[in-house]
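Report on one structure; see the data block that follows.
Readers should treat all values here as calculations from the given coordinates under stated rules, not as data from a laboratory. Bear in mind the structure is a predicted one, so any value in this text is a computation, not a measurement. Cβ atoms come from the backbone with ideal geometry, glycine included; neighbour counts cover every protein chain shown.
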Amino acid sequence: MIAPGTAQGVLTGRERAATQVGLRLNLGQRAKQLLYDATGVAVAVVMLFPIYWMVVTAFKPGRDILSLTPKWIPAPFTLENFHDAITRPYFLDDVKNSLIVVGVMLVLGLTTAFLAAVGTARFGFKGRTAFLVMIIGVQMVPLNALIIPLYLMLDRAGQVDALPGVIAIYLAVVLPFMIWTLRGFVANIPVELEESAMIDGCSRVGSFFRITFPLVGPGLVATAIFGFIQAWNEYIVAYVLLSSPNNQTLTIWLASFTTNHGPQWGPLMAGATLTGVPVVAFFLVLQRYLAGGLTAGAVKG
Amino acid sequence: MKLRKASLSVLGLAAALVAAACGGNTGTNNPANQSGTLTVWLMNGSAPQSVVDGVNADFKAKYPNVTVNVEIQQWGEIGTKLDTAFAGSSPPDVIELGNTLVAKYAAAGALEDISGKKSSFDNSGTWLQSLTDSCTVSSKLYCVPYYAGSRAIIYRKDFFTAANVQPPDSMDGLLTVGQKLMSAHSSDPNFSALYFPGKYWYAALPFVWDFGGDIATQSGGKWQGSINSSSSQQGLTKLNSLVAALSRADKTGDEAKQDAAFAQGHIAMIIANGWEVGVITDPKAGDPSLKDKLGAFPIPSHTAGQTAPVFLGGSDLGVAAKSQHRDLANEWVATFTNNKHMTEMATVGGVIPNTTSMLNLGTGINATFYGAAKNSKFVPNSQNWASVENANVLPDMLVKIFTKQQAIPDATASASSRITTLLNGGG
Amino acid sequence: MGLAITAPDLESAPRRPGRFRTNLLPYALISPAVAVIAGILAFPLGMLVWLSLQHYGLRELIAHAGDWVGAGNYLAILADPVFHQVIVRSLLFTLACVALTVILSTLIALLLLKVRQAVRIIVMSALVFVWATPVIVTVDIWQWMFDYEFGVINYLLTSLRVGNFIHHNWFDNPIQGWSVFVVIVVWGAIPFVTITLFAGLLQVPSDVIDAAHVDGAGAWQRFWFVTAPMLKPIFLIVTCLSTIWDFGVFTQIYVMLNARPSADYYTIAIYAYRESFGVTQYGLGAAIAVVLVLVLVLVTFFYVRETVKVAEIA
């Protein structure tokens, strides 16, 4: 489960105190607590319902999927949809391509963003404001409007129907957000820490890697998760650029569940569930850093 | 404006001449010596893999040094993908295009003019007229008909028997039969005798055409919307009364789910393509037990004993004007559409072949759909038709009529003027 | 302000001896980012503006030769009544989505402070799952849940006796349809904003809150006068980003309406896309996209100025 890390990792004095006080709650406070908890559960149920519906559908046999009286539980239960989804041609190619695209994009993006974050957080220089405004401004341009220019540019560079072209576009699109988030994390680390390390005999670079880099880890994680979700889920650019079946990504594989005969709901929901799994897994593995990490980034703007 | 267009078409002509001059050489070479790579885009679900493999094997036997990559494309946003691909320097050599899209790309200079090569394709004399029409822009041929789809009414034989009715032979008969079915199932609040989603404009066209109406007419190079003509309105009035009395389908929805809905058992009739029988009885999506309970009959005309003309859907195969291997590409198209493989498309793929000479291949329930293809029509063959489709003019008009937001004369009048503007190249 | 205590003092940084040897270092650090963003986006952005000044149809696109029309496309847009409606609608939609997202997320984040840990785990898990599921997938699910015949929402509302929703069409009436889209967009936006705000709330020093408590401040006053000002940087950035994302909303509406939205459901991003790829007026589509960015610059001017100001101080 996720939140033990999240909650414990960031548990503050205030909350620990609250928990202790909780033991001495009188009846009125207890009722209040129950109300809070019930509201919390209700929020979770409402938020999760669509996801639940997707997963449940993925396990239903065809005839139960579109039924006038909804079936809340998949009974009879079937793995047919999953089998149908993963046995489609090129499934493994598409998984591999998605991982390559996201992986390479993240490595390049995080490195570049980290350098820029240090540059803007640690130094005042002429043009810094312009740079900050630019990275916010760039995010305002809708990607859909750039399809033709991007295609023609990559066509000239011979990168149509090739993963590097897609990686480059994703990188440019996600990078501004990455810089912005990471900048906040770096700004949050006291310079004095680095300086004291330098006094202790570390070189500037050494102190940076020994002190700053580990502290900014949560920021890198938060940024990585955001970038992962963005790139993993993108459809239109990948679809327009990648044509040969062994070059495509998972979102295009998902689109193959919709034929000219209409969507095949069962396999589509199974495929969608499978597509979501790596993102959730990536999230779960790294989540312990996230809440604290996001805080630092966001509070510092 | 006029001057600009004229000079552009001169440029296009010059380009075509140059292209023809360059392309001529490869044809005279010995096939065995030709080499290169052909890229073919086919749409998801159009041809069975076994047919494509057979075509490539035959092609390989003739051109051993040519590699053919058949790439299956997905439907979502295919228009956007085609636009960018044709704008690029190396579009695919052979492209499957929905027949309503050809005119747009042909008129923009994306496709090679193959008028001179027509006779090199099997059955070119007996191609289905509506498909040939879709490939013809300004009397020039830009693509080869690939396959067709035509609609008829799929019905539940068991419901008909229980209500003691027969497939009707006129539109009035259709209403009577439907009403009898409705009263036989009056206890089922989800029952539709004829399930007709509001945006299903392909299925609305037969009613317009049957009364002599049309979407638009052309005279002197100018298009004039005619969906508001009195005969068009007559057809839509008839359709409206059928929908009001017989359909509980979503009046603002489209036909994408009609097969799954039909398989749920609360529908007696749908207007559908032949292949939809397979979707209805598919064990994963539908109900296989319906296999023996399904029948089909043509959409009846308002004149008893006749059938209404239906919209002929389908796909064509075009060769990109920018292709480096236009002759090879046409050779591949010729192989794909030759007698042998077209027969396979019909028998294995279950689609209506591109030639009238093979319409007898339809057997059983399919015979009805093959027959319907004989009495078929097509949308206005204008390069701007895709704009009319993309602007949702007809679906929006139908929704307004069925939901009673607008009366038929008003809804058709505004749709018609929009069609006139769009077909003549306005925004 | 408590949060700024540990922040490095950047304004005075350059004056400190030994901080860095050369003024070129920061430029070297941002240069890869500038190279990537400019190298990949400069040409497309320039071409977008150039396209917006041309008459550019499919024929021109294939031949790579348009006709210069100067401001013609922009004048056409400004004279287009549909466009005015689309702008107003997009702005209202953005306002509703951003306001609801921020308010609901704040409430959920505050609630997370109050609930017991087990419940917090449950809520956080739910948020994470929602956030991690691809948008194109969630839209498919929502489309299906709101379906006219087979939709579970209609079934639920009917069986909960909210009314008769059998065969209810949610997109018949644009006000209802837009409400559905607000729900979908806000639902998708809540996880990111809530998690961000919750993390920020945990950093609000408890002694400050306690002091306010002692001073007799009510819950609302404590939030409004103590907590909210401290979270200002977070509120600024999430509001700014939400505005950008919601104003450019495309996928949710486009996919939900089967890629064929009627004019009642055009957002500015859909309108730009439709003009480009629907009716092959790429010049006009580009001009609409440029106007979209200009409107966004106007709308977010205040946020961006404040956000950058906060960043400058930090």
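Remarks
- Between C:Ala263 and C:Ile166, the FRET efficiency from the beta-carbon distance, with R0 = 25 Å, is close to 0.30.
- Volume per residue of the convex hull around the Cα atoms, evaluated for chain A, comes out as 200 Å³.
- For segment C:196-286, the fraction of alpha-carbon pairs in successive 5 Å shells from zero, as %: 3, 12, 15, 13, 9, 7, 7, 8, 8, 7, 5, 3, 1, 0
- Of the beta bridges in the protein assembly as shown, as assigned by DSSP with both residues counted there, near 70 percent are antiparallel.
- From its DSSP helices (H runs of at least four residues, each -39,500 (n - 2.57)), the protein assembly as shown gives a residue-normalised ellipticity at 222 nm of -18500 deg cm²/dmol.
- Table column - 3J(HN,Hα) (Hz), segment C:161-176, Karplus curve with 6.51, -1.76, 1.60, x for Gly and Pro: 6, 6, x, 8, 9, 5, 6, 8, 9, 7, 10, 5, 9, x, 5, 5
- When only the Cβ of Lys, Arg, Asp and Glu is charged (+1, +1, -1, -1), the dipole of chain A relative to its Cα centre reaches about 820 debye.
- Prolate/oblate/rounded label for chain B (Cα gyration tensor, a/c 1.5): oblate
- Taking every residue in A:154-167 and counting other chain Cβ atoms within 10 Å of its Cβ, the average works out to 2.
- Counting Cβ atoms of other protein chains within 10 Å of each residue's Cβ and taking the mean over peptide A:263-271 gives 4.
- Bridging of B:Lys180 to lysines at a Cα separation below 17 Å is possible for B:Lys157, once same-chain residues fewer than 8 apart are set aside.
- Within the same chain, lysines fewer than 8 places from B:Lys404 are excluded, and of the rest, those with a Cα less than 20 Å from its Cα are B:Lys199, B:Lys238, B:Lys251.
- Packing, as the average of other Cβ atoms within 10 Å across residues, places the peptides B:154-166, B:76-88 in the order B:76-88, B:154-166, highest first.
- Given charges at beta-carbon only (K, R positive; D, E negative), |dipole| of the protein assembly as shown in Debye: 1780 debye
- Whether segment C:52-313 is rounded, prolate or oblate, judged on the alpha carbon gyration tensor where a/c under 1.5 counts as rounded: oblate
- Positive-end ranking of C:Leu58, C:Gly72, C:Val36 along the dipole of the protein assembly as shown, with charges on Cβ about the Cα centre, is headed by C:Val36.
- Between C:Ser179 and A:Leu35, the distance separating the two model label sites (each 7 Å from Cα on the Cα→Cβ line) works out to 2.7 nm.
- Mean separation of Cα contacts under 8 Å (6+ apart) over length of segment C:52-313, as relative contact order %: 29 percent
- Under 5 Å from the amide H of B:Lys377 lie the amide H atoms of B:Val310, B:Phe311, B:Leu312, each residue being 5 or more positions distant or on a separate chain, with H modelled from the backbone and absent for Pro and chain starts.
- The phi torsions of segment B:382-387, fed into the Karplus equation with coefficients 6.51, -1.76 and 1.60 and a -60° offset, translate into couplings of 10, 4, 9, 4, 4, 5 Hz, rounded to whole numbers, with Gly and Pro shown as x.
- Selection from B:Gly349, C:Gly216, A:Tyr235, by position along the positive dipole direction of the protein assembly as shown (Cβ): C:Gly216
- Hydrodynamic radius of segment B:367-427 by the Kirkwood approach over all distinct alpha-carbon pairs: 13.1 Å.
- For chain B, DSSP calls about 65 percent of its internal beta bridges antiparallel.
- The mean sequence separation of alpha-carbon pairs under 8 Å and at least six residues apart, normalised by the residue count of chain B, gives a relative contact order of 25 percent.
- From least to most packed, judged by other beta carbons within 10 angstrom and beginning with the fewest, C:Leu58, A:Leu108 follow the order A:Leu108, C:Leu58.
- Of B:Lys104/B:Lys322; B:Lys118/B:Lys340; B:Lys81/B:Lys257, pairs whose Cα-Cα distance is over 21 Å: B:Lys81/B:Lys257
- When each of the peptides B:118-126, C:74-82 is scored by the mean number of other C-beta atoms lying within 10 Å of its residues, the order from highest to lowest reads B:118-126, C:74-82.
- Phi to ³J(HN,Hα) by Karplus 6.51 cos²θ - 1.76 cosθ + 1.60 over segment B:228-239, Hz, x for Gly, Pro: 9, 4, 5, 5, 4, 5, 4, x, 5, 4, 4, 4
- Aspartates and glutamates with Cα under 15 Å of B:Lys377, excluding same-chain neighbours fewer than 8 positions away: B:Asp133, B:Asp210, B:Asp214
- For C:Gln281, residues with placed amide H under 5 Å, excluding near neighbours: C:Ser276
- In a simple Cβ point-charge model (Lys, Arg +1; Asp, Glu -1; nothing else charged), segment B:232-340 has a dipole of about 160 debye relative to its Cα centre.
- Dipole-positive endmost among B:Leu398, A:Leu27, C:Phe225 within the protein assembly as shown (Cβ charges, Cα centre): C:Phe225
- Relative contact order of segment B:366-427, pairs being alpha-carbon contacts under 8 Å that are 6 or more residues apart, as %: 39 percent
- Average beta-carbon neighbours from other chains, 10 Å sphere, peptide B:348-356: 0
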